[in-house]
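Take a look at the structure below.
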Amino acid sequence: MTSNNNNQLKNTSYPAHSIDWLTRLIAFDTVSRHSNLALIEDVQAYCEQLGLIVDLTFNEAKNKANLFVTVPAGANADEVNHGLVLSGHTDVVPVDGQAWTSEPFTATIRGDKLYGRGACDMKGFIACALTLLPRAVQLSNSGQLRRPLHLALSFDEEVGCLGAPLILADLKARGITPDYCIVGEPTNMTMVVAHKALPFIVAASMVSLRIRH
Ligand SMILES: [Zn+2]
């Protein structure tokens with residue numbers, strides 16, 4: 001599942017820092033009524049450069065996709081079941097008619113804050129997850145990752161969580177039963193267990209705008 005060629009990690013043109021990843025992700029206009037495929041394909045290429053195998057599930061119109069990828073664990077880097085899921089939605093709410101003081105799809109840093117549509121909810125979390133992925137792959141390649149690490153990116157969360165059930169059905173069909181899931185929804189840095197309307201989700205806030213360079 002993973003590449004043994006660690007040079008791939010050095011040659012990537014993808015960001016190495018979370019703020020750069022966040023800037024890249026914000027630039028994709030993934031308002032829920034639009035396709036998210038450009039963002040998904042970008043993340044897919046990144047994961048494949050890392051030697052990972054990406055699993056996509058699509059909506060009926062095939063213009064939106066979920067992405068699920070696993071960094072395998074164990075001494076032989078061949079364990080893909082159980083482990084921890086980092087989960088985020090790729091869509092964002094609209095910007096129509098809102099009084100933005102900067103371009104919403106261009107990340108703008110003023111003071112110690114970064115502004116852009118989805119910066120907090122929840123491309124910030126996705127940026128952090130993508131930034132740590134190469135480290136997880138390195139651990140996997142050297143047989144030191146003790147449990148699989150999964151990344152799940154969904155579509156249409158803001159319009160009724162239409163994408164996430166496809167991921168769950170796909171995981172069930174593949175016999176993958178993760179042990180834990182952290183959903184990076186912004187909750188003012190307070191741990192929140194389960195969503196008020198979706199009891200199958202274990203939510204926790206891992207989003208911080210004080211992202212390290
Ligand atoms: Zn959200």
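Observations on the structure shown:
- Filter result for Pro186 (part of a loop (DSSP other than H, G, I, E, B), within 15 Å of the ligand (Cβ to nearest atom) and modelled with pLDDT of 85 or more): yes
- Failed condition for Gly118, given (1) within 15 Å of the ligand (Cβ to nearest atom); (2) surrounded by fewer than 14 Cβ atoms within 10 Å (Cβ to Cβ): (2)
- Here Ala152, Ala164, Ala136 are screened, and the one residue that is within 16 Å of the ligand (Cβ to nearest atom), at pLDDT 95 or above and surrounded by 13 or more Cβ atoms within 10 Å (Cβ to Cβ) is Ala152.
- Count of residues meeting criterion [surrounded by 24 or more Cβ atoms within 10 Å (Cβ to Cβ) and of a type in the set (Ser, Thr, Tyr)] in the range 139-149: 1
- Annotation: Leu67 fulfils all but one of (1) within 16 Å of Phe155 (Cβ to Cβ); (2) part of a loop (DSSP other than H, G, I, E, B); the unmet one is (2).
- Any hit, the range 171-180, residues being buried (at least 18 other Cβ atoms within 10 Å of the Cβ) and either within 23 Å of Thr30 (Cβ to Cβ) or modelled with pLDDT under 95 (or both): yes
- Where helices (runs of 4 or more DSSP H) fall entirely within the range 1-61, those with at least 2 residues that are at pLDDT below 95 are at 7-11.
- Of all residue pairs spaced 6 or more apart or on separate chains, those with beta-carbon atoms under 7 Å, a first member in the range 16-40 that is in contact (Cβ under 8 Å) with a residue 60 or more places away in the chain and a second member that is assigned to a helix (DSSP H, G or I) and basic (Lys, Arg) are Leu22/Lys123; Leu25/Lys123; Ile26/Lys123.
The values are calculated or read from the model by the stated rules, or taken from the named source; none is laboratory data. Only a predicted model underlies this, so the values are computations on that prediction, with no experimental measurement involved. Using ideal geometry, Cβ is built from the backbone for each residue, glycine included, and neighbour counts are taken over all protein chains shown.
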